[in-house]
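Take a look at the structure set out below.
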Amino acid sequence: MYDLGIIGAGSAGYVAAERAGLAGLGVVLFDKGKLGGVCLNEGCIPTKALLYAAKLYDHAREGAPYGIQTREVTFDFVKMMARKNKVVKKLVAGVAAKMKKAGVEMVQSEARISVRKSDHLVISAGDQSYLCRNILLATGAQAVLPPIKGLDRENILTSTEILNITELPESLNIIGGGVIGLEFASLFNSLGTKVNVFEMMEEILPGTDPEFSGMLRKELSRKGVGFHTATRVTEVRNQDVIFKTKDGNEETVSADKLLVSVGRRPDLARLGLDESGVIYSQDGVRIDAFCRTNIPNIYAAGDITGFSQLAHTASREGTVAVNHILGKTDRIRYEAVPNVVYTNPEIAWVGLTEEEAKTKGIPVKILKLPMGFAGRFIVENEGKNGMAKMIIGEKYGEVLGVHLYGNPASELIHSAAIAIEMEMRVEELQQIIFPHPTVSEIIHEIAYEA
């Protein structure tokens with residue numbers, strides 16, 4: 001009898017397995033694919049390895065203002081991809097070592113809930129059955145293909161396949177102007193590919209503060225990325241995109257490759273959800289603040305919940321589920337989950353946007369400062385623009401949201417997440433000592449604008 005059976009070895013599953021194992025629970029971890037899931041093998045890590053290489057290339061070409069002269073800067077795409085693979089392999093090995101240290105039993109097989117009884121649950125994998133006191137569902141999500149005429153797996157790339165191409169395309173069409181689409185647009189644009197992005201909404205990065213997404217669109221446009229917003233793609237012919245503009249005109253943009261990145265859907269098939277009685281919809285498995293489903297002792301975490309398809313959210317949900325099993329007081333607070341777009345430049349935010357505060361009827365005070373108010377930003381971002389915005393509750397002065405545009409936003413946003421998680425008032429944030437000179441001081445500076 002295992003204390004915990006986990007189906008899915010991605011960011012939610014393997015983190016939960018490690019936490020549970022180190023806490024002394026008997027854990028069995030199932031996955032039909034690779035240890036580490038999508039994030040480690042086909043998402044977060046490989047894309048960031050390539051994005052960092054592209055950023056280094058950008059820096060090398062833009063060295064003149066810093067007194068760095070280079071006759072010619074080139075890159076080797078094959079070596080970039082090889083390094084990406086090496087990084088992934090190393091980190092997968094690291095996760096395997098963690099599982100061994102935590103005493104986690106790993107089973108490489110598709111698994112499902114087969115029996116639910118009053119005192120235990122049964123997971124079936126292959127021709128074996130595993131008795132478990134608790135189950136955590138963490139099977140992640142799969143890329144969605146929209147119902148567009150001519151669109152099929154034969155003529156397009158998803159975020160999985162594009163990470164394994166062997167030659168740099170001269171041109172690339174991207175359907176979907178969300179986080180994944182924009183990161184690949186930034187990557188390939190830096191490497192010289194002609195990129196066009198097609199987004200059905202009025203602005204890229206739906207759900208992001210429109211002031212910040214607009215700034216990113218303008219910067220990437222300046223670098224050569226073509227944006228077609230408020231458009232409806234009606235047909236795909238090979239890699240050519242046929243679309244209708246906001247005015248109803250039909251246009252066609254040709255390219256060597258086509259990437260489709262319109263979102264991901266929770267992977268719910270063959271899990272035994274109906275037989276076990278777990279409530280779910282096509283949007284995901286329903287959970288509470290402790291990551292419990294409606295069935296006692298069955299939990300869910302990660303993209304399968306459909307709420308926040310981010311690796312760090314998944315890891316936190318997995319941890320919350322394990323803590324609940326251990327009897328600890330813990331819960332997930334989605335308002336404190338940071339979001340990052342790893343383009344060049346980066347966008348990062350946590351908490352409410354201006355628009356969300358207005359929709360919820362929350363009286364707020366909006367503070368804004370250029371990132372240049374932090375001297376380190378000027379030192380490291382010659383000629384670049386940046387912006388910081390803070391949303392503060394008018395009644396109590398609590399920090400409700402922070403938005404950053406400019407490098408390295410991804411490395412700064414956690415301090416704002418801490419402020420929101422701890423329900424800090426802006427006066428309390430002012431009392432925190434930030435090291436000088438750092439770009440993170442912008443959060444301190446903007447707090448003093450209150």
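So the values come out like this:
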{"quantity": "Eligible aspartates and glutamates near Lys79 by straight Cα distance, threshold 14 Å, same-chain separation 8 or greater", "calculated": "Glu167"}
{"quantity": "Theoretical gain in end-to-end length, Asn385 to Ile433 [0.36 nm per residue, Cα-Cα removed]", "calculated": "14.8 nm"}
{"quantity": "Fewest-first ranking of Lys360, Lys389, using other Cβ atoms within 10 Å as the exposure measure", "calculated": "Lys360, Lys389"}
{"quantity": "Label-point separation, Lys360 to Asn155 (7 Å along Cα→Cβ), nm", "calculated": "4.5 nm"}
{"quantity": "Count, lysine Cα pairs under 22 Å in segment 345-447, 8 or more residues apart or across chains", "calculated": "11"}
{"quantity": "Over 22 Å (Cα to Cα) - which of Lys149/Lys257; Lys223/Lys246; Lys32/Lys149; Lys84/Lys149 fall in this group", "calculated": "Lys223/Lys246; Lys32/Lys149; Lys84/Lys149"}
{"quantity": "GNM flexibility winner over the chain from Gly140, Gly150, Gly226 (Cα, springs under 10 Å)", "calculated": "Gly150"}
{"quantity": "Cys residues of the chain counted as unpaired, since no other Cys beta-carbon is under 4.7 Å", "calculated": "Cys132, Cys291"}
{"quantity": "Residue exposure sequence - Val439, Val426 - by fewest surrounding Cβ within 10 Å", "calculated": "Val426, Val439"}
{"quantity": "Acute angle (nearest 10 degrees) that the helix 77-101 long axis makes with the longest principal axis of the chain, alpha-carbon atoms", "calculated": "30 degrees"}
{"quantity": "Of Thr343, Thr229, Thr252, the one that fluctuates the most in a GNM where the chain has Cα springs shorter than 10 Å", "calculated": "Thr252"}
{"quantity": "Theoretical gain in end-to-end length, Leu326 to Met201 [0.36 nm per residue, Cα-Cα removed]", "calculated": "40.6 nm"}
{"quantity": "Among 272-279, 347-354, the order from most to least packed when residues are scored by Cβ within 10 Å on average", "calculated": "347-354, 272-279"}
{"quantity": "Helix 210-222 vs. the chain, principal-axis angle (Cα, 0 to 90°, nearest 10)", "calculated": "60 degrees"}
{"quantity": "Helix axis angle, 311-325 relative to the chain longest principal axis, alpha carbon, degrees", "calculated": "30 degrees"}
{"quantity": "Two-decimal log10 I(q)/I(0) for segment 161-262, as the Debye equation yields it once each C-alpha is a single scatterer, q = 0.10, 0.14 Å⁻¹", "calculated": "-0.24, -0.48"}
{"quantity": "Zone of Ile242's modelled label, taken as backbone nitrogen in segment 144-182 under 13 Å from a point 7 Å along Cα→Cβ", "calculated": "148-151"}
{"quantity": "Cβ-defined net charge surrounding Gly181, 14 Å radius [Lys, Arg +1; Asp, Glu -1]", "calculated": "0"}
{"quantity": "Most mobile of Arg19, Arg112, Arg222 in a GNM of the chain (Cα contacts under 10 Å)", "calculated": "Arg222"}
{"quantity": "Footprinting exposure proxy for Tyr57, Tyr396 (fewest neighbouring C-beta atoms within 10 Å first)", "calculated": "Tyr396, Tyr57"}
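Where a number appears in this text, it was derived from the coordinates with a stated rule and is not lab data. These numbers were taken from a predicted model, which means no experiment stands behind them. Note that each Cβ is placed from the backbone with ideal geometry, even for glycine, and that neighbours are counted across all protein chains shown.
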